[in-house]
Amino acid sequence: MMALMAAAATVATAQNEVKEAKKLMDKGQYAEALKIVEPAKNAASAEEKAAAWNMVNEIYFKQFSDIQAVMLENQVKKTNQPYDTLGMNHAIVSALEAALKCDEFDNQPNEKGKVKPKFRQANAQRYMQARLNAINAGQFDYNKKDFTGAFKDFAAYVESCNAPLFTGIDLKEQYYHEIAYFASLSAYQTKDWPNVVKYAKIAAENPEKAKDATEILVFAKKETIKTHADTLEYVQMLKEANSKFPEDSRYSAWIGDYYLQSASVDELKAWAEEEIQKNPENKFAYTYKGEALRLAQKWDEAVECYKKAAEIDPTYVAASYQAGVCLNSKAIELKDKLADKKTGMLTKENVAKVKEILTEAKDYLEKVREADPDRLQVNWAYALYQVYYSLGDEKAKELEAIVGGN
């Protein structure tokens, strides 16, 4: 008997809190109304929890509607009444979240085991269109660089698209994948990696957003690498992305970087050759094959690869730079090979052979200097200085200050 009385008292209290909250809401006292109804959200029964959450939904939605009315009046009447954009945005997102929470409890079985929702129909009708305002809220917060707020806004919209609240209703979600992408992008800004992945995967379901979403997934994986297994998974993601989007040459470059940094020369060469077979116009594949050959000190073969990369893209100064560096290395190696074992001197004929190679190296490096005078893409100064010095060219002096400063 005492237990029943206690339960009844709890229900009565929850009902009173909802009633009092409504009175305050009607007076426009939203903060006070939310405070009054707060305990009712933890009522014993699902029915009372649903009623409490529905009241929260009502409070926030009325607050949103009141502020929006001022904004619309300004637009119609060309007036300039002040209104709280941030408050309006927060209210609609909070209202939508409360409506979804209400629906969760509203569709739980009652004490007789039956499901009799009271609020679903009204809330579904309300938020079919109203929830689009969560997108506006997200855009506002994102532009203000409030990425935590933007993520909450965008995620609220995305989650609503598949919410049981709208069961049986064709929402025709044309913004679903686009907003999922922005939810992921917002989460990326705050390093919320689980949500970056969750929403990027949703965005990637749409072919039109797949490329952008894949980029975020790759970046997120790179940021969260902790183990060797993570690294291998990252490389596999790069390979899959490279296969899906071969026109985006960055993936080739990143794969090449991985093999280069891991000192897997044979793997680097094999991968580069495979990429060249797939796409003979892949400048990065030729560059990384050249890198593998350079590391193996196969100078002529390496130079040919760099030349091919530069032919594909004449603005790709890194390839021309590496060709010049390889030719310089070839000249040094040849000089050591041809030098007299006792005196270290070269015959005139052998000097000419070495100078011929150095001159070719100079031509490449001077082209790089001309294309990238401020060394923004490659730092060509020391390599060109070495070539000038070896040739006895007076231009070496003008580079001494640059080389010394670096």
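The values are calculated or read from the model by the stated rules, or taken from the named source; none is laboratory data. These numbers were taken from a predicted model, which means no experiment stands behind them. Here the Cβ is made from the backbone with ideal geometry for all residues, glycine too, and neighbour counts use every protein chain on show. The accessibility values were calculated without ligands, DNA or RNA, using every heavy atom of the protein model including side chains. Shrake-Rupley method; radii C 1.70, N 1.55, O 1.52, S 1.80 Å.
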Handout entry: List Trp254, Trp380, ordered by accessible area with a 1.4 Å probe, largest first
Key = Trp254, Trp380
Handout entry: Phi to ³J(HN,Hα) by Karplus 6.51 cos²θ - 1.76 cosθ + 1.60 over the stretch 86-96, Hz, x for Gly, Pro
Key = 4, x, 5, 5, 4, 5, 5, 5, 5, 5, 5
Exercise for the section: For the stretch 20-76, give the percent of accessible area contributed by carbon and sulfur heavy atoms, probe 1.4 Å, rounded to a whole number. Expected result: 55 percent
Handout entry: Length-normalised contact order of the stretch 272-352 in % [C-alpha pairs under 8 Å, at least 6 apart]
Key = 21 percent
Practice task
Using a 1.4 angstrom probe on heavy atoms only, work out the carbon and sulfur share of the accessible area of the stretch 298-373 in %.
Solution key: 52 percent
Exercise for the section: State the answer as a single residue: which of Tyr251, Gln297, Val265 lies farthest towards the positive end of the charge dipole of the stretch 213-337, with beta carbon charges of +1 for Lys and Arg and -1 for Asp and Glu, about the Cα centre. Expected result: Gln297
Practice task
Starting at the first residue of the stretch 152-162, write each ³J(HN,Hα) from the Karplus equation 6.51 cos²θ - 1.76 cosθ + 1.60 with θ = phi - 60°, in whole Hz, x for Gly and Pro.
Solution key: 4, 5, 5, 5, 4, 5, 4, 5, 5, 4, 10
Problem - Of Lys198/Lys269; Lys145/Lys209; Lys289/Lys341; Lys78/Lys144, those spanning more than 29 Å from alpha-carbon to alpha-carbon - result: Lys198/Lys269; Lys289/Lys341
Completion exercise
Counting Lys and Arg as +1 and Asp and Glu as -1 over every other residue whose Cβ sits under 10 Å from the Cβ of Lys101, the net charge comes to -2
Practice task
State to the nearest 20 debye the size of the charge dipole of the stretch 19-156 about its Cα centre, where the only charges are +1 on K and R beta carbons and -1 on D and E beta carbons.
Solution key: 280 debye
Exercise for the section: Quantify, in whole percent, the carbon and sulfur part of the accessible surface of the stretch 114-234 (1.4 Å probe; protein heavy atoms only). Expected result: 51 percent
Exercise for the section: About the Cα centre of the stretch 109-222, how large is the charge dipole given +1 on each Lys and Arg Cβ and -1 on each Asp and Glu Cβ? Please answer in debye to the nearest 20. Expected result: 460 debye
Practice task
From the P(r) of the chain, can you give the percent of Cα pairs sitting at distances over 35 Å?
Solution key: 54 percent
Fill in the blank from the handout: A student asked for the Cα radius of gyration and Dmax of the stretch 13-82 in angstrom ought to give 14.9, 50
Practice task
Among the lysines, select those whose C-alpha is under 24 Å from the C-alpha of Lys116, and discard any that sit fewer than 8 residues away in the same chain.
Solution key: Lys19, Lys22, Lys41, Lys49, Lys101
Fill in the blank from the handout: Arg120 neighbourhood, Cβ < 14 Å, K/R = +1, D/E = -1, net charge 0
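What length, rounded to one decimal in nm, is gained on full extension from Ala339 through to Asn16, with 0.36 nm per residue of separation minus their alpha-carbon distance?
106.2 nm
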Completion exercise
The local net charge around Ala318, scoring Lys/Arg +1 and Asp/Glu -1 for residues other than Ala318 whose Cβ lies under 11 Å from its Cβ, equals -2
Problem - Vicinal HN-Hα couplings computed from phi for the stretch 348-353 (Karplus, 6.51 cos²θ - 1.76 cosθ + 1.60; Hz; Gly/Pro x) - result: 4, 4, 6, 4, 5, 4
Practice task
Please calculate how many Å² of accessible area the chain carries per residue, with a 1.4 Å probe and no DNA, RNA or ligand atoms counted.
Solution key: 56 Å²
Completion exercise
Excluding residues fewer than 8 positions from Lys330 in its own chain, the lysines with Cα under 16 Å of it are Lys298, Lys307, Lys353, Lys355, Lys362
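Relative contact order of the chain, please, whole-number percent, based on alpha carbon pairs below 8 angstrom and at least 6 residues apart. Please report the intermediate quantities before stating the final value.
Values: 507 pairs, mean separation 25.3, N = 406.
Contact order relative to length: 6 percent.
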Fill in the blank from the handout: For the stretch 131-268, whose charge dipole is built from +1 on Lys and Arg Cβ atoms and -1 on Asp and Glu Cβ atoms, the candidate among Gln139, Ala200, Gln236 with its Cα farthest towards the positive end is Gln139
Exercise for the section: Could you pull out every one of the aspartates and glutamates with an alpha carbon less than 16 Å from that of Lys112, ignoring same-chain neighbours closer than 8 positions? Expected result: Glu47, Glu48
Exercise for the section: Report the charge-dipole magnitude of the chain in Debye, nearest 20, computed about the Cα centre from +1 at each Lys and Arg Cβ and -1 at each Asp and Glu Cβ. Expected result: 700 debye
